[in-house]
Amino acid sequence: SQITTLINHKDKPKRSDKTLQAIQRVGQAVNLAVGRFVTVGEAIANENHELKKEMSVACIEARRAGETIAQLTDVASLDHPESDSHITIFTDKTGVVKAARLLLSSVTKVLVLADRIVIKQIITSRNKVLATMEQLEKVSSFQEFVQIFSQFGNEMVEFAHLTGDRQNDLKDEKKKARMAASRAVLEKCTMMLLTASKTCLRHPDCESARINKDGVFHRMRLALEQVIEIVTDSRPTGENEMAPISIYSGIKEFKNKVEGLRENLYFLSKENLSTMLEVILEHTEDFTDSAYTSHEHREHILELSKQAKMELEQLVSVWMQAQNQKTKDLMEDLEVAILKTCQCMNELKREVHSAATSLAADLLKYHTDHMVLKALKITGEEGNLEAVAEYTCKLSEQKEQLVEMCRLLRHVSGTEPLEITCIHAEDTFQVTGPQITSAAETLALHPSSKIAKENLEVFCEAWESQLSDMSMLLREINDVFEGRRGEKRVYLSLPRPGKHNANLKALKPVKLDTEEQAKIAKLGLELHLLTSDMDSETEKWEDQENEIVQHGQGMSSMAYSMYLFTRGEGLLKTTQDLFHQAEIFATEGTKLASALHAFSDQVHDDDKPLLLLEAEKLISMCKQLQITAKASVQGKSATFTKVDACILKTRNVMTLLCQLLPLCCKLLRKNKAGNGCLKPAPPWREDRLRTGTNAHTPERRAETFGIKSLENHVTNMTFLESK
């Protein structure tokens, strides 16, 4: 930016002192920035001898170019006659251009070399993990296993840090999603590997225990390989083919081509358009052929597919005529044909979206009780092999339903990252189902084995966790479809540098020790579970526009972003981001308390005291959280204490909300049932809406959640990884 300013400055015969000073300041700023940059580059070179020579040469070139720019912009003394022979930007602009080119070239070299070093570090870390995994596979004693697994754990933590930083640095959202999916597999599989290996050691002759363990090792190796593919931007030979196109992206591309006919009648052939539509309609067969698609949805999709063919035929007919003769009437007919074709495709998109999301909602609701998993645990502990076989068949049926759900959701996900998340979910169900089966069989064969029981618990938890993740994924897919893409992110309310705290520039990264990381990770996990509970409670409300639900959902999303912070993920990158988020969370809680007070005005005396008591508790807890979040701290220990306090108090607020929402829902249902719980006054929500409060306007959202620019982060610190 600074260099562009110098190169593009206008040569004027008269140069004011202000202009001369500005040019000199820019030149000095460039030189100082280069100096700082090169210092980092030289430090990297000293730590990596294999690239030291190349890095040093690039750093020397960059420093020389920076100094040249500083000399050529040293124009403050131009007004003095004795300085006439001094070469400057005014007498030698080509010199500045050459120096700028050299500088940009050398800086790019330094960046590329630094990137090569990062990639090498990740590959080296991966190789260490693989080598230790091979040792773990071969161990035959518990003592040896414990020693090697301890080393493996440390290596996995290092790998998680390196890949987490890399994931944050990736600009390609598709790669970022793939990296996140691979890292999630590695995180979950680490615990699975521990219990599966222990079970195999305890029961060395058990075939199902061996199958269970082998499945975990195989999945971890695939995930490690995918991370390296993403980092090195490569794929194994023969795997360059693209993933199948989704219906959503196919319709989007098809519509773009159709609408392009307005500008150019000759830029594609009619065969091209026909082929595109055929591909889309082939994909709709995934819905019409599915046993889980309702009869109504199937009929509508078939009708719209037939209509789409007819509309395209009409469009092609008018289009061909318009190519031969551009009359006003024909161009109007073409416009009508374009609109009708696009409208038909929109209706088709809406129908497949409705089919996929309604199926997903029904399945997720049906499987929330986890009855099959509970039955497997009970029958396994009883040693009842016949019953275990019966319930594993039911789990297999459930797996097929969920896999089909993921495939259909992928078609309507709307973005490539969400498509990848659907594919990851499908893989997880495909793999975890058989692993639960083998773990349950092992327990049934050894019903008194505590290790076998613990192993089955771990795999069941992974299944339950994936089901919980699917609820969030479904909500994100709906958000994209309804034009609310990224709405969860506005709750993050990240500050701009210098706006909320005058001392932000002085903030430094804070490194936590193992004990502190473990404590924060435990709190974060509790927060995650509470957000899942909260989401389940809000989904029970028939009126999703209810103000209590709106505030509750907003607070749940903010709490979830704080949970991601404890994992070193999400958009809260620094402790300052976390503290600001806690403030916004507390403010939202106060507004929820106000909504509860308004609601209590309509409640009869018997129910009112309890509701008011809980609302007062909420106000008090939110005030405490605000005080904690705003408190000024310095030093690592004080910062950790504040982070710990903020997350702890957020957790306490969420715990209270998980009790409050069912209470309010119960009171509303009692009213609907005619029990006279509420006074016959105008509905409290309508009263509030009449006063002008509207939770759905952009202005309301901005005011509630404090939307800020995410472009400028105070510091580039990754707080910690989940393990």
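The values are calculated or read from the model by the stated rules, or taken from the named source; none is laboratory data. Please read all numbers here as calculations on a predicted model, not as lab measurements. As a convention, Cβ positions derive from the backbone with ideal geometry for all residues, glycine included, and neighbour counts pool all protein chains shown. In case anyone asks, the SASA skips ligands and DNA or RNA and just uses the protein heavy atoms, side chains included. Shrake-Rupley method; radii C 1.70, N 1.55, O 1.52, S 1.80 Å.
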Checklist line | Residues satisfying the stated conditions in segment 439-457, i.e. surrounded by 23 or more Cβ atoms within 10 Å (Cβ to Cβ) and out of contact with any Gly (no Cβ under 7 Å at 6 or more places or on another chain) | finding: Ala439, Glu441, Thr442, Ala452, Asn455
Notebook entry, point to check: Using beta carbons and a limit of 8 Å, which pairs, at least six apart or on different chains, have the first residue in segment 410-430 and of a type in the set (Lys, Arg) and the second one open to solvent by less than 20 Å² (accessible area, probe 1.4 Å)?
Noted result: Arg410/Ser246; Arg410/Cys422
Check: In the list Leu302, Leu373, Leu348, Leu334, which residue meets the criterion of being more than 30 Å from the chain's Cα centre (by Cα) and open to solvent by less than 10 Å² (accessible area, probe 1.4 Å)?
Finding: Leu334
Margin query: Six or more apart or on different chains, Cβ atoms under 7 Å: show the pairs whose first residue is in segment 110-127 and part of a helix (DSSP H, G or I) and whose second is open to solvent by less than 30 Å² (accessible area, probe 1.4 Å) and among the aromatic types (Phe, Trp, Tyr).
Written below: Ser125/Phe159; Arg126/Phe159
Next item on the list: Could you grab me the full set of residues in segment 290-338 that are touching a Lys or Arg at 6+ places or on another chain (Cβ under 9 Å) and assigned to a loop (DSSP other than H, G, I, E, B)?
Entry: Ser290
Checklist line | Of all residues making up segment 186-219, the number that are within 17 Å of Thr437 (Cα to Cα) and basic (Lys, Arg) | finding: 3
Notebook entry, point to check: Pairs under 7 Å by beta carbon, first residue touching a residue at least 40 places away in the same chain (Cβ under 8 Å) and at positive phi in segment 382-401, partner open to solvent by less than 60 Å² (accessible area, probe 1.4 Å) and assigned to a helix (DSSP H, G or I), six or more apart or different chains?
Noted result: Gly383/Ala444
Margin query: Taking the conditions exactly as written (at negative phi, over 25 Å from the mean Cα position of the chain (by Cα) and not charged (D, E, K, R)), does Gln430 satisfy them or not?
Written below: no
Next item on the list: Could you tell me whether Leu364 is assigned to a helix (DSSP H, G or I), within 25 Å of the chain's Cα centre (by Cα), surrounded by 14 or more Cβ atoms within 10 Å (Cβ to Cβ) and not aromatic (Phe, Trp, Tyr)?
Entry: yes
Next item on the list: Tell me, please, whether a residue that is over 25 Å from Lys453 (Cβ atoms), open to solvent by 20 Å² or more (accessible area, probe 1.4 Å), more than 20 Å from the chain's Cα centre (by Cα) and not basic (Lys, Arg) can be found in segment 176-197.
Entry: no
Checklist line | Near pairs, Cβ below 7 angstrom, 6+ apart or cross-chain, from segment 266-284 (within 18 Å of Leu409 (Cα to Cα)) to any residue that is open to solvent by 50 Å² or more (accessible area, probe 1.4 Å) and part of a loop (DSSP other than H, G, I, E, B) | finding: Val279/Ile245
Check: Of all residues in segment 128-149, how many are open to solvent by 70 Å² or more (accessible area, probe 1.4 Å), part of a helix (DSSP H, G or I) and not aromatic (Phe, Trp, Tyr)?
Finding: 8
Margin query: I need the helices (runs of 4 or more DSSP H) fully contained in segment 537-638, keeping only those with at least 3 residues that are open to solvent by less than 10 Å² (accessible area, probe 1.4 Å) and of a type in the set (Gly, Ala, Ser).
Written below: 547-566, 575-600
Note to self: Exactly one of these conditions fails for Asn46: (1) open to solvent by 60 Å² or more (accessible area, probe 1.4 Å); (2) modelled with pLDDT under 85. Give me its number.
What the structure shows: (2)
